[in-house]
Amino acid sequence: MKKSTLKLGMTVIAVALFVYALVDMFLYHDNRRMALIVFVALLLGYYAAKVK
């Protein structure tokens, strides 16, 4: 797998997780769950930025 494809995929998944966290927050009002989803998305975005 090419690294550019890996970077793009990780970035798309991170953005999708952020959107899902926002929708989840409005539907269920669960701060812990939203914080966990955002944390995972931030980690994924960080690793996507670190891939060279």
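Values in this text are rule-based calculations from the coordinates and carry no lab data. The structure presented is a predicted model; accordingly, all values stated were derived computationally and were not measured. Don't worry about glycine lacking a Cβ; one is built from the backbone with ideal geometry, like all the others, and counts go over all protein chains shown.
Some observations on this one:
- Estimated 222 nm signal from helices in the chain, with DSSP H stretches of n ≥ 4 weighted -39500 (n - 2.57), rounded to 500: -31000 deg cm²/dmol
- When only Cα pairs below 8 angstrom with a gap of at least 6 residues are kept, the chain shows a relative contact order of 53 percent.
- Neighbour counts of C-beta atoms inside 10 Å place Tyr20, Tyr46 in the sequence Tyr46, Tyr20, starting with the fewest.
- Label of the coordinate-derived value, Kirkwood radius over Cα pairs in Å, listed as (i) 10.7; (ii) 11.4; (iii) 12.7: (ii)
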